[in-house]
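Below is one structure, written out as structure tokens; comments come after it.
The values are calculated or read from the model by the stated rules, or taken from the named source; none is laboratory data. Every value quoted in this text rests on a predicted model; they were computed, and no experiment measured them. Here the Cβ positions follow ideal geometry from the backbone for every residue, glycine too, while neighbour counts run over all protein chains shown.
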Amino acid sequence: MTATHHRQPLFNLCGGHAALDFVNSLDVRFGARAPVERLTDYTALLRFARESQLLDARRARQLARVTPAAAQRAVRSARELREALAGALYARLDGRSPPPAAVRTLERHLHRAGRHRELRWEPGGRGAALSWDRGRFEARAELPVWLLAQSAGELLMSEELERVRACDADTCRWLFLDTSRNHTRRWCDMRICGNRMKARRFHARHEA
């Protein structure tokens, strides 16, 4: 894990928010073929957390030494959180209420994330203040899951939720935060889905 930050990014972080990129880590979710799992193992989970700037290099190196059993549990927990988050967000975009099971799962993960932190006094004269810190929990294998749950909770309870969109490509539907001036962004990545859909429409018009 020591060289993780020197590698080319494994994940396409076009969502504009860690929680949305997290949902997108299950690729081809709505395609005809089987979805593509990007969170293949704990190394991939740590790498996602690093690339999303939820974990620093020191913590990632420390977590790379957890036991295989703890790592497997963390990956299962991360995927469970991701699918509950996906269920809630896609339901909202489709004008439906989130599945009750997804809400309960999100609630459980948010509670866990909240329990595994502690208040820390940051000295500094007049700038001294209390802040939340993972402290004694930062070496636990599920730290990336707690950080992702925290990120998801912040999004779900903020005004940014109104700007969450799904890619217009029906086989993609990756989530992203629409920060365009007129809120008219249609594609997760113009270079990929945008150009692909434009080419498809061009061919359809000329074949008609």
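Annotations
- Matching residues in the range 22-49 - criterion: being under 20 Å from HIS109 (Cα atoms) and touching a residue at least 40 places away in the same chain (Cβ under 8 Å): PHE22, VAL23, ASN24, SER25, LEU26, LEU39, TYR42, LEU45, LEU46, PHE48, ALA49
- Residue in the range 132-148 that is part of a helix (DSSP H, G or I) and free of Cβ contacts under 8 Å to residues at least 12 places away in the same chain present: no
- Restricting THR40, THR2 to those that are of a type in the set (Val, Ile, Thr), at pLDDT 95 or above and surrounded by fewer than 19 Cβ atoms within 10 Å (Cβ to Cβ) reduces the list to THR40.
- Here the condition is being outside any helix (DSSP H, G or I) and buried (at least 18 other Cβ atoms within 10 Å of the Cβ); of ARG165, ARG120, it holds for ARG165 alone.
- Odd one out for PHE48, checked against (1) touching a Ser or Thr at 6+ places or on another chain (Cβ under 9 Å); (2) within 24 Å of THR171 (Cα to Cα); (3) surrounded by 14 or more Cβ atoms within 10 Å (Cβ to Cβ); (4) modelled with pLDDT under 95: (4)
- Residue identified as within 30 Å of ASP178 (Cα to Cα), surrounded by 12 or more Cβ atoms within 10 Å (Cβ to Cβ) and in contact (Cβ under 8 Å) with a residue 24 or more places away in the chain among GLU107, GLU83: GLU83
- Filter result (farther than 28 Å from VAL164 by Cα and surrounded by 11 or more Cβ atoms within 10 Å (Cβ to Cβ)) within the range 134-148: ARG134, GLY135, PHE137, GLU138, ALA139, ARG140, ALA141
- Checked against the criteria, ALA102 counts as at pLDDT 95 or above and surrounded by 10 or more Cβ atoms within 10 Å (Cβ to Cβ).
- Selection count where residues are among the small types (Gly, Ala, Ser), closer than 21 Å to HIS109 by Cα and surrounded by fewer than 19 Cβ atoms within 10 Å (Cβ to Cβ), scope the range 51-80: 2
- Criterion violated by GLN53 - all others in (1) polar (S, T, N, Q); (2) touching a helix residue (DSSP H, G or I) at 6+ places or on another chain (Cβ under 6 Å); (3) in a loop (DSSP other than H, G, I, E, B) satisfied: (2)
- LEU148 meets the stated requirement of being under 25 Å from GLU122 (Cβ atoms) and either among the hydrophobic types (A, V, I, L, M, F, W, C) or touching a Ser or Thr at 6+ places or on another chain (Cβ under 7 Å) (or both).
- Against the conditions (1) out of contact with any strand residue (DSSP E or B) (no Cβ under 8 Å at 6 or more places or on another chain); (2) of a type outside the set (S, T, N, Q); (3) at pLDDT 95 or above, ALA139 satisfies every one except (3).
- Any hit, the range 178-191, residues being within 27 Å of LEU63 (Cβ to Cβ), outside any helix (DSSP H, G or I) and at pLDDT 90 or above: no
- You will find that of ALA84, ALA88, ALA60, the residue that is in a helix (DSSP H, G or I) and farther than 29 Å from ARG186 by Cα is ALA60 and no other.
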